[in-house]
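Trainee: Below you'll find the structure I mean.
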Amino acid sequence: MPSACEAAVLAVQSQYLDPETEAILFIDASNAFNAVNRQAALHNVPRVCPAVSTIFQNTYGAPISLFLPGGDRILSREGTCQGDPLAMALFALAISPMIRRLSSDHPSIGQCWYADDGEAGGRMMDVHKFWLALSDIGPEYGYFPNASKTTLLVKPDFERAAVDMFDATGIAIRTGGARYLGGAVGQSTFIADNLDSHIASWVREMSLLADISLTQPHAAYSAFVRGMKSKWNYHIRSHPGSASSYRPLDDVINNKYIPTLTGRTEVSDSERKLLALPVRYGGLAIPVVSEDAEVQRRISEVVTGPVVRMLRSGSNELTPARVVSDTSVLRRHQNNQRADMHRTQLSELAPALSGPQRVLLETSRDAGVGSWLTAEPLASCGFVLNKSDFRDAVAIRYGWPLDELPSSCVCGAAMTLDHAAVCPTGGYPSLRHNEIRDLLAEVFSAVISDVRIEPTLLPLTGESLDCATANRSPEARLDICARGFWSRQQDAFFDVRVTHPSASLLSRSDVLAQLSRNEAQKKRAYLQRVIDVDVERGTFTPLVFATNGMCASECSRALKNIVQLIVEKQPELSYAIVMSHLRCRISFTLLRWLITCFRGCRASYCRKRVAISFLDQCRLLQL
Ligand SMILES: [Zn+2]
């Protein structure tokens, strides 16, 4: 079940607050996975979970060979086998008859289990009886409770009784609180102290990450978004705490991490709020933790509600299937609410931004534009940006001034991003065009056998073309021809254009209009000549991209079509993975050439051939 550990922590916290609860036992077992009784499990699994009994019989029905260094072999006859992906499931099924038996013999005890970590709470006397029963029947199932690793949490009034009853067992008795599945259960001061100690270690980690981001901002960004944030979220969701506890964390993020990451020492309040939004809403997904914590807690309470109720009630009325479906409905609802919240925040921020910044923000939500931020920084796919490229890319995204830009271009014009993106001096725009063409031809070739780069069109022999701007040259070439792209046996011709949406455009629709104009221009030049049956018997599709990764409508249709062709021929790949990877490859190529356009030879980017094929990259990501 999704969020199950989080739900378990919340359920046990609520159990502790229940006036009926006097004590909670946190149980650990010795060598649990290796000790579980395999014969009993093979006998029980067909009854407990018939759906998986065949594979268990096949895997564990006979002793399993374990190979030792030097070539010797021993047989594994007991427990689950190390390295078996089903080990966790077998272990859970093997001990579930024991849990059910304890549950029917001790109905007043609330239990919660995660792998071999057991939990049992209720009246002191009942908890004691439960422990004796578990110690007695556990070994039959291969579950050996380990008293020295087990903790008894008691409410302060019951400490005396606990000592009397449990003294001989060797179990540690605590009154403040206990850690459980990464969360904390007990008195509010214990939980707050536990949270503070987590936050103190996160502050140290963030400070270290800020040092790393001085030289490796892209890696430090990815580590934050993919690693630390998820870890924090788990703890934030499983620790009730006040917003002010998180201030030290926000201080280190705002004063140290963001400046080293972006190279920008002054970030205004509205810019900081913008950076907190998810990438698809124009942000960098760097939350203001003290504000986000409350939202996370609320979402967690709602989403884990059904699982918590199931764990607390202990009844069988709520079936797991019902709980899973209730949870997914709640999760969808919460996601929609969050999306509404982000949209509202965005519209509140808009007035504080300059006109060009607003356009950048509007377009940063288009497909493909934020791809370079959400991609895993994999060197094997060419997705790693060095420090100056990463900071330039962030500056371009937010319309911030670029560091150390020369005052004028080699051609003599004043140097601006808009000028650099289109100035032909140095030949960068045509190199950029060629690389996009080659990338698309490579992707097309993954599933189409006849792909040609720069095919010449058949010369005209007296045919008349209607359009004045049609290309009539006998040497006219297009960028790509792929036979069978749109339909069998038909040549599909493509021509690539990369256009730069300049800062003078006033809205996202202006950018889209610019892309459409480019599309129309290309069609006037080639469409009739290609399509006219007498000339080439083909189709013509302009592939128009903006330097920020957006693309015009025909181009977007062509990308969808090639991804569809790929997943039809490679059914192990998912449409979403292939599409997002294609968008990432395009996004990184455009971004690096845009940076090269104004950094010139200073740009770090050299055209390294990516060593593995597009399809292999998709397979890698699919894992
Ligand atoms: Zn120039």
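Trainee: May I have the extent of the alpha carbons of the range 54-100 along their three principal axes, as whole Å values ordered from largest to smallest?
Mentor: 44, 18, 17
Trainee: For a quick check: sort 400, 202 by the number of other beta carbons within 10 angstrom, fewest at the front.
Mentor: Starting with the residue having the fewest Cβ neighbours, the order is 400, 202.
Trainee: Would you report the distance distribution of C-alpha pairs in the range 171-323 as whole percents per 10 angstrom bin, up to the bin with the largest distance?
Mentor: Answer for the range 171-323: a P(r) of 10, 34, 30, 18, 8, 1 percent.
Trainee: Also, I was wondering about something else. Counting Lys and Arg as +1 and Asp and Glu as -1, each charge on the Cβ, what is the dipole of the chain about the Cα centre in debye, to the nearest 20?
Mentor: 1240
Trainee: To make sure I understand the rule: partners must be lysines, Cα under 16 Å from the Cα of residue 560, and not fewer than 8 residues away in the same chain. Which ones qualify?
Mentor: Of all the lysines, those that pass the test against residue 560 - Cα under 16 Å, at least 8 places apart if same chain - are 569.
Trainee: While we're here: With labels modelled as points extended 7 Å from the Cα through the Cβ direction, what inter-label distance (nm, one decimal) is found for residue 295 paired with residue 336?
Mentor: The two pseudo-label positions are separated by 1.8 nm.
Trainee: Could you sort the peptides 582-592, 170-180 by per-residue average Cβ neighbour count (10 Å cutoff), highest mean leading?
Mentor: In descending order of packing, they fall as 582-592, 170-180.
Trainee: Quick one: angle between helix 188-215 and the longest Cα principal axis of the chain, in degrees between 0 and 90, rounded to 10, please.
Mentor: The two axes meet at around 30 degrees.
Trainee: Shifting gears a bit: How big is the dipole moment of the range 190-352 about its Cα centre under a simple scheme where the beta carbon of each Lys and Arg is +1, that of each Asp and Glu is -1, and everything else is neutral? Debye, nearest 20, please.
Mentor: The calculated dipole for the range 190-352 is roughly 560 debye.
Trainee: In what sequence, highest mean first, do 2-8, 566-572, 93-99 appear when ranked by Cβ atoms within 10 angstrom?
Mentor: For the peptides 2-8, 566-572, 93-99, the packing ranking is 93-99, 2-8, 566-572.
Trainee: Check cross-link reach from residue 229 to the lysines: straight Cα distance under 22 Å, and skip same-chain residues fewer than eight apart.
Mentor: Within the straight-line cut-off, residue 229 pairs with 256, 273, 387.
Trainee: How far apart, in nm, are the 7 Å Cα→Cβ label points at residue 159 and residue 376?
Mentor: 5.0
Trainee: State the antiparallel share, in %, of DSSP beta bridges confined to the chain, rounding to the nearest 5.
Mentor: About 75 percent, rounded to the nearest 5.
Trainee: Now a separate question. Tell me, what is the Rg over Rh of the range 4-186, with Rh the Kirkwood radius over Cα pairs?
Mentor: In the range 4-186, Rg relative to Rh is 1.03.
Trainee: Output ³J(HN,Hα) for the range 121-128: one whole-Hz value per residue in order, computed from phi by the Karplus curve 6.51 cos²θ - 1.76 cosθ + 1.60 with θ = phi - 60°, and x for Gly and Pro.
Mentor: Running phi through 6.51 cos²θ - 1.76 cosθ + 1.60 with θ = phi - 60° gives x, x, 5, 3, 4, 5, 5, 5 Hz.
Trainee: What's the ranking of 59-71, 20-32 by average number of surrounding C-beta atoms within 10 Å, highest first?
Mentor: Per-residue mean Cβ counts within 10 Å order the peptides as 20-32, 59-71.
Trainee: Angle, helix 87-105 long axis vs. longest principal axis of the chain, Cα atoms, 0 to 90°, nearest 10?
Mentor: So the inclination is approximately 40 degrees.
Trainee: Cα axis of helix 320-349 to longest principal axis of the chain: angle in degrees, 0 to 90, nearest 10?
Mentor: It is inclined by approximately 50 degrees.
Trainee: Just to be sure I understand: if I project the alpha-carbon convex hull of the chain onto a plane and average over all orientations, what area do I get in nm²?
Mentor: 35.7
Trainee: Still on this structure: How compact is the range 540-583 by the rule of thumb for globular proteins, expressed as Cα Rg over 2.2 N^0.38 Å?
Mentor: 1.21
Trainee: Given only helices, namely DSSP H runs of n ≥ 4 each adding -39500 (n - 2.57), what is the per-residue ellipticity at 222 nm of the chain, to the nearest 500 deg cm²/dmol?
Mentor: My calculation for the chain gives -16500 deg cm²/dmol from helical runs alone.
Coordinate-derived values only; no laboratory data. Keep in mind that this is a model prediction, so the values were computed, not measured. Backbone-built Cβ (ideal geometry, glycine too); neighbour counts: all protein chains shown.
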